[in-house]
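The values are calculated or read from the model by the stated rules, or taken from the named source; none is laboratory data. Since the model is a prediction, treat every value here as computed from it, not as a measurement. Methodologically, a virtual Cβ is constructed for each residue, glycine included, from the backbone with ideal geometry; neighbour enumeration extends over all protein chains shown. Each accessible area value is taken on the protein alone, full model and side chains, heavy atoms only, with ligands, DNA and RNA left out. Shrake-Rupley method; radii C 1.70, N 1.55, O 1.52, S 1.80 Å.
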Amino acid sequence: MMTARENMDAVIRGGNPDRFCNNYEAIQFLFHPFMMHSPSPKKGEMDVVDAWGVTNSFPENVPGAFPVHTPDKIVIKDFEHWQDYLKAPSLKFPEEEWAMFKAQRDAVDAKESYAAPFVAPGLFERMHHCGGMENVMMAFYECEDEMHDLVKFLVDWELELAEYICKYIQPDALFHHDDWGSMKSTFMSPAMFEDFFGDAYKTIYGYYKEHGCKYVFHHSDSYGATLVPTMIDMGIDVWQGCMASNNIPEMVKKYGDKITFMGGFDGAMIDRADATEESVRECVWQVLDEVGTAKGFIPCIAQGGPGSVFPNVYKWLCDAIDDYSVEKMGAKKEEITRMPWQILF
């Protein structure tokens, strides 16, 4: 039977996978020094300031951290004059810090997994983290030239980060975050999205591919079906976070030979306080039956990394997908393995 990496290659490249690629089984996340120098809050922590000056809080009763945009804490107070407020943090870190993460990369079993640096947030999220969602959306209409300049500023910073990552870590894939919609719609029209972000991401993702990254995984746990042609043009190989509202069976039929859809299991569907192993299993059977193919589709929890908000849900999801592959595709249960970092979840 194929290794997890070989099987994922077959899924993405139109080969003959012998089972469904299961969540993140063929991706091992790598990290980098900037993440050490830009703190984010742990659950229960409030008002933690990151390297961009953004204040984030993580209350006990919510599933994740979020930026605080009160007048005294918002970074960009006027997008027309964003240069007066936003300063890019330095990416010049000691060689020994990069060596720590190079060692992490060297420990990846290349037969089983792709070594993928984790880069988040992306361009759009960085903008609204710094200035607030409503303000960003208004600025796209009211100060178009300045917003193009801001995008270029952020692209230049990301390219510097990419240069260091590719030089020191030498990854063979990239896992990049940037949420582009809600559950039901995109945050902007396809034309506006392409205008502001099409060439920007083509430049960033092109750099990574020119320097050894075979695949670009882009996370956006949202509706984004209308953006798929631009995603393909950007160089995205796998759209991770593709929610059920995108009509995944139709998307796979239409675009599955050009981009792989990784998702199908929204938090509201399975990652709930009342979830049971049986309810997760029933959902898996229904989704995989509807999609009907392991080519161009990776069943995965929609959130942007392995794990779940509620205990056991991620394990139940992984187990159910493997069971489906055994029963429906003839995969051999005893030959399906989980790497050490997956067992933690």
- Note on the structure: A careful count of residues in segment 182-241 that are assigned to a loop (DSSP other than H, G, I, E, B) and of a type in the set (Phe, Trp, Tyr) gives 2
- Task: Output the residues belonging to segment 249-277 that are under 15 Å from Pro229 (Cα atoms) and buried (at least 18 other Cβ atoms within 10 Å of the Cβ).
- Result: Met251, Val252, Tyr255, Gly256, Ile259, Thr260, Phe261
- Message: So for segment 21-35 (the condition being in a loop (DSSP other than H, G, I, E, B), buried (at least 20 other Cβ atoms within 10 Å of the Cβ), touching a residue at least 12 places away in the same chain (Cβ under 8 Å) and touching a His at 6+ places or on another chain (Cβ under 9 Å)), does at least one residue qualify?
- Response: no
- Go through segment 287-298 and give me each residue that's more than 23 Å from the chain's Cα centre (by Cα) and in a loop (DSSP other than H, G, I, E, B). Gly292
- Item | Matching residues, segment 172-184, being out of contact with any Gly (no Cβ under 7 Å at 6 or more places or on another chain) and either surrounded by 20 or more Cβ atoms within 10 Å (Cβ to Cβ) or under 17 Å from Glu125 (Cβ atoms) (or both) | Ala173, Leu174, Phe175, Asp179, Ser182, Met183
- Message: On the basis of being open to solvent by 30 Å² or more (accessible area, probe 1.4 Å), closer than 25 Å to Asp237 by Cβ and of a type outside the set (Phe, Trp, Tyr), does Ala103 make the cut?
- Response: no
- Would you check if there is a residue in segment 148-167 being closer than 24 Å to Asp221 by Cα, touching a Gly at 6+ places or on another chain (Cβ under 6 Å) and among the small types (Gly, Ala, Ser)? no
- Query: Only one of (1) assigned to a loop (DSSP other than H, G, I, E, B); (2) over 20 Å from the mean Cα position of the chain (by Cα); (3) at pLDDT 95 or above is not met by Ala110, so which one is it?
  - Reply: (3)
- Message: From the list Phe140, Phe187, Phe153, exactly one residue is out of contact with any strand residue (DSSP E or B) (no Cβ under 7 Å at 6 or more places or on another chain), over 21 Å from Leu91 (Cβ atoms) and of a type in the set (Phe, Trp, Tyr). Which is it?
- Response: Phe140
- Of all residues in segment 264-286, count the ones that are in contact with a helix residue (DSSP H, G or I) (Cβ under 8 Å, 6 or more places away or on another chain), outside any loop (DSSP other than H, G, I, E, B) and at negative phi. 10
